[in-house]
1. Can you pull out the residues in the stretch 418-442 that are surrounded by fewer than 22 Cβ atoms within 10 Å (Cβ to Cβ), farther than 20 Å from V362 by Cβ and not small (G, A, S)?
2. May I ask you to list the residues in the stretch 381-395 that are at pLDDT 90 or above and either polar (S, T, N, Q) or not assigned by TED's automatic domain parsing to the domain that holds Q416 (or both)?
3. Might you check whether a residue that is among the hydroxyl-bearing types (S, T, Y) and farther than 30 Å from W182 by Cβ occurs anywhere in the stretch 139-160?
4. Here are A326, A320: which of them is touching a helix residue (DSSP H, G or I) at 6+ places or on another chain (Cβ under 9 Å), on the phi < 0 side of the Ramachandran plot and not assigned by TED's automatic domain parsing to the domain that holds N417?
5. Take the residues in the stretch 358-379 that are among the polar types (S, T, N, Q) and at pLDDT 90 or above; name whichever of them is farthest from F311 (Cα to Cα).
6. If you check E69, E22, which single one turns out to be in contact (Cβ under 8 Å) with a residue 24 or more places away in the chain and acidic (D, E)?
7. Within the stretch 41-76, track down each residue that is in a helix (DSSP H, G or I), surrounded by 12 or more Cβ atoms within 10 Å (Cβ to Cβ) and of a type in the set (S, T, Y).
Amino acid sequence: MDYFPLFMDIKNKSCLIIGDGEIAQRKTEALLKAGAKVKILTNNNHKITKEITPFINNVQCHIICENYEKSHLAELALIISTIEDNNTNTSIFRDASKLNIPVNVVDKPEFCSFIFPAIVERGPITIGIGSNGNAPVLARLIRSRIETIVPVRFGTLAALGKKYRNKVKETVSSTLGRRRFWESVFQGKIAQAVFAGKAEVAEEMLKEQLTHYSGNTKQHQGEVYLVGAGPGDPELLTLKALRLLQQADIIVYDRLVSDDILNLARRDASKIYVGKKSRFHSLPQDQINQLIIDHAKQGKRVLRLKGGDPFIFGRGGEEAEELVAANIPFQVVPGITSAAGASSYLGIPLTHRDYSQSVSFVTGHLKNDSCNLNWKSLSQKNQTLVIYMGISTINTICTKLIQHDMAKNTPVAIIQNATLKDQRIVIGKLSNIEQKTIESGIVSPALIVIGEVVKLYSKLNTNKDGGKPGDINDNILLDKKTA
């Protein structure tokens, strides 16, 4: 983030526009709309252009037909230059910087201490979209998309919130209670009434809800969301997962959750890391369970965010059992499990009529640190075997499968950080995949995919040619004999 986003109060403050064309006109109109007093410095042979003429009789404007001098910067809140003269712009930027006055030279990022975002305005609700000055056209395209999904009457809803803000604060004593009240207003029937053009009806509904709410002294009921974050790519989140991420008060997450996904959470939500890796737990599972329960009992909405799917080797079932025992309401939100994500992104179908009629998901790391699986069943032909958390026991896995009659040349793929930009894959066979994994330096988190479907990688994977949706640049270490 090269520029820190903020909104500036310029009501009744002096701002300077340097220039007299269409851009100067638009910037002047924007400053006036925000309540500023605007000085327009123009030196077009001491003539006022048609773009500036509309401001002649505006009491908030003062037009100055002079060449730029440092003295023009006295007692200003901000400066905008729309001229093309680089020498003058250099002087403006230098002088403004010395006086600590925010300055923007249009289309000259090197002469800007602030930049203008593309703006979506809905009454008191203002949305700014910036590109750090790198792609203003793209910012405007994003604005146009937001315009289509944010109802015009959001401004009316915001005005209603402003009108009753103090009343709600007087009536509802706790910060948590007020947040819940306003969420019910902005996401429920009251908001729908506003959007339908029934502002008066909405206001009466708000009054009634507040009256009822004021008599409710019972502690707010907490709730837990067991949410699958998917394999890593934030675009693979479900819509429900995204909505709950932006609603939760507490987020308890593991090490398989990417920063890009965490950045989608509500900014003021508390984030608690409880990551695990092989033979090391930052917090034991029983303490994680108690942590979730304790926060929920305080009336908080707790989101337990897990990589992949919470009910596929995510211990979501264990946590759900504890929540039932503690009588705490919860929701489970499925996520795309890592095996499905890796399969889709790398062109290794988990099932295929010619190669595999079934797929088995197993863990290579059991509760007691063993790897005691039903090897006879897992060694059957015409199936795909996906092993989670198996890198540390890969020697045992390969040895046991071969001992139970799986062919030594059965194709194997090791996939690290599936769906992420640093995704890597190593392809080999049962007889050599351990050595290839060691040579590649791949470590957990990684998936092991075993079966004839791995042969399709070289045919169906489009990442190597840059054609896969998501633009993943994977580091491919491929055993061409196997492929």
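The values are calculated or read from the model by the stated rules, or taken from the named source; none is laboratory data. For clarity, every value in this text was computed on a predicted model and none was experimentally measured. Methodologically, a virtual Cβ is constructed for each residue, glycine included, from the backbone with ideal geometry; neighbour enumeration extends over all protein chains shown.
1. L420, K421, D422, R424, N432, Q435, K436, I438, E439
2. N382, Q383, T384, N395
3. No, the conditions are met nowhere in the stretch 139-160.
4. A326
5. First, the residues of the stretch 358-379 that are among the polar types (S, T, N, Q): 358, 360, 363, 368, 370, 372, 374, 377, 379.
With at pLDDT 90 or above added as a condition, the list becomes 358, 360, 377, 379.
Working: S358: 20, S360: 15, S377: 22, S379: 25 Å.
Restricting to residues being among the polar types (S, T, N, Q) and at pLDDT 90 or above, the top hit is S379.
6. After applying the criteria, what remains is E22.
7. T53
Rundown of residues vs (1) touching a strand residue (DSSP E or B) at 6+ places or on another chain (Cβ under 7 Å); (2) part of a strand (DSSP E or B); (3) within 18 Å of H352 (Cβ to Cβ); (4) at pLDDT 85 or above, yes/no style:
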site	(1), (2), (3), (4)
V412	yes, yes, yes, yes
T419	no, no, no, yes
E434	no, no, no, yes
T437	yes, no, no, yes
S444	yes, no, no, no
V449	yes, yes, yes, yes
K459	no, no, yes, yes
P469	no, no, no, no
I472	no, no, no, no
